[in-house]
Each structure stands twice: as C-alpha cells, then as structure tokens.
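Okay, so here's the structure we're looking at.
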Amino acid sequence: MTIDKQHRRAAEERLKHMHQQLGGFAYGGDYNPEQWPRETWLEDARLMQEAGVNLVTLGVFSWSRMEPSEGLYDFAWLDDVMGILHENGIGVDLAIPDAVPPAWLIQQHPDILPELADGSTFGFGSRQHCDVSHPVYRAKALALTERLGEHYAEHPALRMWHVGNEYGPVSYGPWADKAFREWVREKYASLDELNAAWSTDVWGQVYSDWEQVHVPAQPRTWSNPSRRLDFHRFTSDSMLRHFTAERDVLRRHTPDLPIVTNFMRFFKNNDYWAWAAEEDAVALDIYPDPREDEAHIAAALNFDLMRSLRGNQPWMVMEQATGAVSQWSVNVSKLPGKMRLGSYQAIAQGSDAILFFQWRQAKGGTERFHSAMISHAGTNTRIFREVTQLGQELKNLPQLVGTRSTASVAVVFDWDCWWALELGNSPRSDLNYPAEVLRYYKHFFHANVPVDFVDTKTDLSSYDLVVLPASFLLGDEAAQRFTDYVAGGGRLVVSYLSGIVDENNTIRLGGYPGALRTVIGAWSEEMHPLAGDAEQVKLSFADGGTGSAGYWTEHLHAEEAEVLASYGSGRLAGFPAVTRNRFGDGSAVYISARLDEGSLDRILREEWQQADVEPVIDAPRGIQARRRSGGGRDYLLVLNHNDAPTGVDLADGGTDLLSAQHVGGRVELPPYGVLVIEEDPK
Ligand code: GAL
C-alpha cells in the first residue's frame, strides 16, 4: 500500500504535535465517567496523575448520554469531565460513539439493527448493533459528529479523535442489500462483465437485470465464491466510507488533530491496508490470552502488521488489559510482570502509546469482571502498582517516541488473500490464513530477524527477501510485481496455496500456482491435502537431511527449478516437495507442503542468510530484541518472554534507560525482564 506523501507528512505532524503536548508516550486508557458519581471523577484525576496517565479515551459508548433524545444534545457532563481532566493535565482522546446507536433511535428505526445472513436480526442490548448502510443511522451519527466537532474543537484538553469502536458488523439487511447492488454496479461496467467475473454460468446464476443482484444471504447450500468475495470487499468499503465521512467532519473542525479508530487482532472483516491509509495513525486493541504459551508471538505478528500498515509509522496500543478480560470461557489474569512486558514489546515494535481498556473496573454491566487500571479492590493492589510503575517509567523515555525500525524481510499479509482462501469450496474447508502466515512469521520471530508486512500492491524494492505464505489470490499486477522483484535480484519464498486464483477468485489455469509458475520454475499437477490431523509424510532433503510434512502436499514437477527436498513416503514419494529456481538475477523457493517446524526453519534460515540479512542479536529462544532509531541514536529493546532468567550476549553496550546502568557483554534478564538500551555511539 502506498500512502500519498503529503497526507503522510500531515499525519506525522499531527502525531508529533500530540506527543509533544503529552510529553512523550501516550499513557492511559478508556475512561467511562458516566458510570461513576462526580466525586469519583475528582479522585480519578488525582489517581491518574499518580499513575502517570496523560491521555484518556472518553465517550466511546456515550451516545445515549450525549444525545438523550432525538436532536437534544447534552454535553454539560462531558464539559465538566473534560474540564477536570484538563485542570489535572490529562489530555482527551474524544470518541465518536457510533458503535452504540441509542435505544430511542432503534425504537424509531428498528431496521438499523444488522441482519444476519439467515434473515434473523440482532436485538438491542449489546453494541455494534447497526447496519452502516442505513441512511438514518448514518445521518444521525454524522450529526452527532458535527456537534462534537463544533463544541470541542477549541477545547484545551482535546488531543485526538477516536472514531467509532472496532468497526466490524456485517449486515445482510435491506439497506446493505441496496448499497451492495450500487457497489456492484459501480464496479462492473455491464451485466456481462459481472456475469463473467462471478462465473455465473456455473450453477446457472446468470443475471439479466441489476435488480436481481443481492447480498449473498443464506443460500440453500454452497454458494458462489466470487460473489462472496465481492461482498467482503463491499462490507469493508462500506464501513470505511462511514469512518471517512465522520473523519472529514472532524478534520474540518480540527485540522491539526490526529483522527484514528481502533483495529483488532487478526480481524478479517476490514481490509486494514485500505483503512490505515485513511487514518493519521494505526491503533490496535490487543488481548493476548494468558492461557496460550505462544500468545506473545501472535501479538508480535499483529504489532508488526500495525507498524507496517502505514509504512513503518509509529502506531498505538489503543486497548489492552491490565489483568484478565471477561469475554472468554476462562479469563485468566496476566502474571505479574506480563502487562509490563507486553507493553514494552509493543514499544519495541513501534508503538508510541500504551493505553488500556479501561481506567476503572466497572461495577455493573457486561464487563464488570474485566480488569482495569484501578480494580474493584482499589489502589492497594498489584495491578495499580504495576500500572503506576509503568506510567512512571514511560515518562522517562520521551526520546524513544517517533523513533523507527527497519526490516529487510517482507511477509505478505493481504485481505483479498485472506477472504479468498477461507471462502470454502476448495480442497479443504479448514484453511486459516492468519495461522498460515503465523507459521512463517514464527521463524523470523525466534531468529530475531525483523520483518515488515506488505500487501500485494507494495513496492518491494527495498527488501532482500519476500515471503508469500498462502497468498491465494494474486491479480495480474501483483503476479508481475513478484516476478519482476525476483528478475531484478530479489529472493522470494512462496508457500502452497499461493497464486491460485485471480482477482475474481477464479482459478489460473495451466498448473498451480498459475500466477507464479514461471518464476518458481515448477508446477503442481494436483493438490493433495492429507486426510487425518495426524497424517504425516516423510521428506528427504537433497543434502541427506530428513523432515516431515502434514496437512497439505502437492504433486509437484520441477522444470528449471532445483529440488531442495522430495517427498519420502506416501503417494507422492519421490516427487519434489521444495524447490528453488534461479530466475533473472534472483531466486524463488516453492514450498508445496506444510513442513514441520525444523524443516521450515532450515529453509527460511538459509534464504535470509544467503541474502545477507542480519538478526538484531543472536539470542536464546524466548528473547526478543528490536532496535528503534532516531535523532541520531539507536535504542535496543531486549525482552525476556521466558518464565526463567535468561542470559543474553550483547555485542555492543549502552545505557539501560530503565535502570540507568551501563550494560554490555553477558547480561542476565530476569523472567519477563526488559532492557531499553540506548546504545553507545559506534
Ligand atoms: C474491546 C472493546 C472494549 C472492551 C474490550 C474488552 O474489544 O473495544 O470496549 O470491550 O474489548 O477486552
């Protein structure tokens, strides 16, 4: 994704200005004063200062308080809260509460509630209960945005706008249906073009009138994957259109303030490349599950993705938990030190904000057991002590804000690929795109080789190695871009299920992976998913090594490519499994099977080593190291994700800004320990 230079500069200026006003990192969280009496607001402001809070997100779910009945706006309470916060030096990230259309609005227009594919409707009582294509909902949300923009434009506490909350609801209702038809008409010049793009001759679905085109509501059985792919695109576009309309209103009132919305971890419904380009910064809500041993690796992937979405611009942790969440079957609290570790992990990977959901743990409502910066038990708690410690530490690190990191490996993460891969009607129905990407990402994470994520439109010229994991859909331009990249000297690694379909989700003929067959110098005759979870086949490497593969295999033929590994058992025994092809001045590896971790490691390691890519540091498993640079200084952040002390060799020394000690050589990090080293000048 390429972002217009002028837009990028303006966004960066807005952020710089905001961080200058905050004095460094943004630190704080969602604040819901409407749940508490006024005395508590005063106590909150005092405690926020104690905890080092400098920014709170206000009003995310406050539509029914801001507009208690139609057209009657009440900002008096909000003026009061904002005044108290301002007097105490706390900035405000003011939300546009469009995620919660109030009861009176739903009463007037029940068809605002989104319809599910089966025609049933969600009831009122949760949130995100709206069809963004509903004209009254849109108009009312925009009118409130206008009022808030007008009223608070000059407020001295206002630092940033937070539009909506976790955009994502899909609707199959009448308004979405109409908007989808309009979207389709705009995309396709004629019905013939539409019929061709959607392969409507299959199962006799030819359209002869635009009015016959509808959202893909619950079909009797399987339904058209090209149509459903367009519906994904439409859904993301229609929500984005709503976001940008609100953003434009706010921009008019406050041209110098950043405007963001909050993204989610591995969120499929919205194409975040397109979304990020419309914001001033990317903001993420991240809730790693403490029950999962590798939750920090999936978090790392999401952090790198967020950093990459706007081309390496600092991003924000908009929400995280201090302890437990309340939405899972078992809500395990974070172990002592883990919240701090996760926060520094985000910082190491480019975040300039550490914000939580939420400031004060609610006493009632759905999330009354969700942790917060202040727990039910009050401030004499481990959590408040950890929150305060982190807030005070961050105050001392303003020099890190705005610094950036670089990567010379790119991994493709693309929403079209995600949508198309998981639409079903393919050789397996349990395909999971993020899990495929994670499998590749993990190698780089453990090796401490930083990666950028790219979509299939990104310029690849600055990368020494590009990895395409399960990049199922490649348009002609994308296929050409990857081919040119290799011809020009780049190294490409392509996994199975890449380049299988074109932009209409129709198969590229002549052997898989059609889009990349020339560049990989090999072709696959037939896909052979393995039936049982436990089914494995052996692999024999050309150098005598062995390995195994499961889940996915292919009947591969090498043409120009050299064979790096072959299937050693099963119906494909003797056929190539992994190949490498010299093409132009570069090379492309093709991996036709889901390899065991060791085999994948050896293949990927060889590629980055051959490309002269260097890890940040060589460190034992569980140690994550990242460098951020700026203002002529380099900052090395070293994190111990292990629950045991772990030794690290630091070739170059520097000052650990957290302990103010000089460190170098062999250093032992305690469990979940962190170093933020300002490296000695070289
Ligand atoms: C987020 C949401 C917050 C809060 C949080 C709980 O998805 O934006 O409002 O509900 O989850 O973990």
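Taking each residue as 0.36 nm, the span from Val202 to Arg439 lengthens on full extension beyond its C-alpha to C-alpha distance by 81.8 nm.
Taking Cα centroids, how far is segment 276-326 from segment 611-682 in Å? Cα centres, segment 276-326 to segment 611-682: 21 Å. Find me the longest stretch of the chain that has none of the exposed GluC sites (Glu not before Pro), where exposed means in a DSSP loop (not H, G, I, E or B) with at most 14 other Cβ atoms within 10 Å. Excluding the exposed sites themselves, the longest stretch runs over 295-534. Summed over all non-identical Cα pairs, the Kirkwood treatment of segment 52-171 gives a radius of 15.1 Å.
Quick one: accessible area per residue over the chain, 1.4 Å probe, rounded to a whole number of Å²?
Details: 26030 Å² over 682 residues.
Computed with neighbouring chains in place, this is 38 Å² per residue.
Each residue of segment 537-550 is assigned a 3J(HN,Hα), and the resulting list reads 10, 8, 10, 10, 7, 4, 8, x, x, 10, x, 8, 9, x Hz, derived from the Karplus form 6.51 cos²θ - 1.76 cosθ + 1.60 (θ = phi - 60°), x at Gly and Pro. In this simple spin-label model, placing a label point 7 Å from the Cα along the Cα-to-Cβ direction at both Ser120 and Asp612 gives a separation of 6.1 nm.
For segment 526-662, what relative contact order do you get, as a whole percent, if you take Cα pairs closer than 8 Å and at least 6 residues apart? Across segment 526-662, relative contact order equals 15 percent.
What percent do you get for the relative contact order of the chain when only Cα pairs under 8 Å and 6+ apart count? Could the numbers behind the result be given before it?
Numbers: 1413 pairs, mean separation 72.3, N = 682.
Computed value for the chain: 11 percent relative contact order.
Semi-axes of the equivalent ellipsoid for the chain, computed as √(5λ) from the eigenvalues of its C-alpha gyration tensor and ordered from largest down, come to 41, 35, 21 Å.
About the centre of its Cα atoms, segment 349-440 shows a dipole size close to 580 debye [charges on the beta carbon of Lys, Arg (+1) and Asp, Glu (-1) only; nearest 20 debye]. If you plug the beta carbon distance of Lys268 and Ala651 into 1/(1 + (r/R0)^6) with R0 = 35 Å, you get a FRET efficiency near 0.25.
What is segment 603-676's relative contact order, in percent, from Cα pairs under 8 angstrom and six or more apart in sequence? Before the final figure, lay out the partial values.
Details: 120 pairs, mean separation 20.1, N = 74.
So the answer I get is 27 percent.
Take the Cβ atoms of Glu50 and Trp222, set R0 to 60 Å, and the FRET efficiency comes out at 0.55.
If the segment from Thr406 to Leu42 were pulled out straight at 0.36 nm per residue, it would be longer than the present Cα-Cα gap by 126.7 nm.
Once both labels are positioned 7 Å from their Cα atoms along Cα-to-Cβ, the gap between Trp77 and Arg8 label points is 4.4 nm. Qualifying trypsin sites (Lys or Arg not before Pro) in segment 280-370, where qualification requires a DSSP coil assignment and no more than 14 other C-beta atoms within 10 Å, comprise Arg291, Lys363, Arg368.
Placing +1 on the Cβ of every Lys and Arg and -1 on the Cβ of every Asp and Glu, with no other charges, gives segment 623-679 a dipole of roughly 160 debye about its Cα centre. Among the trypsin sites (Lys or Arg not before Pro) within segment 430-528, those in coil by DSSP and having at most 16 neighbouring Cβ atoms inside 10 Å are Lys457.
The modelled label-to-label distance for the pair Arg571/Ser429, using points 7 Å beyond Cα in the direction of Cβ, is 2.0 nm.
Can you give the FRET efficiency for Lys363 and Gln536, using 1/(1 + (r/R0)^6), R0 = 60 Å, r = Cβ-Cβ distance, to the nearest 0.05? Walk me through the intermediate numbers first.
Working: r = 53 Å, r/R0 = 0.88.
FRET efficiency, Lys363 to Gln536: 0.70.
Fully extending the segment from Arg241 to His17 would add 77.9 nm, taking 0.36 nm per residue of separation and subtracting the current Cα-Cα distance.
Using a 1.4 Å probe on the protein heavy atoms, what percent of the accessible area of the chain belongs to carbon and sulfur? Taking all protein chains in place, the chain shows 48 percent carbon and sulfur surface.
Post the alpha-carbon centroid distance, segment 572-605 to segment 209-268, in whole angstrom. Cα centroid to Cα centroid, the span is 37 Å.
Just give me a number: lysine pairs in the chain, eight or more positions apart or cross-chain, with C-alpha atoms less than 17 Å apart. Don't jump to the answer; show the numbers that get you there.
Working: Lys5/Lys16; Lys5/Lys457; Lys16/Lys395; Lys178/Lys187.
Here the count comes out as 4.
The values are calculated or read from the model by the stated rules, or taken from the named source; none is laboratory data. Everything numeric here is computed off the predicted structure, so don't read it as measured data. With ideal geometry, Cβ positions are generated from the backbone for all residues, glycine too; neighbour counts draw on all protein chains shown. Side chains included, ligands, DNA and RNA excluded: accessible areas come from the protein's heavy atoms. Shrake-Rupley method; radii C 1.70, N 1.55, O 1.52, S 1.80 Å.
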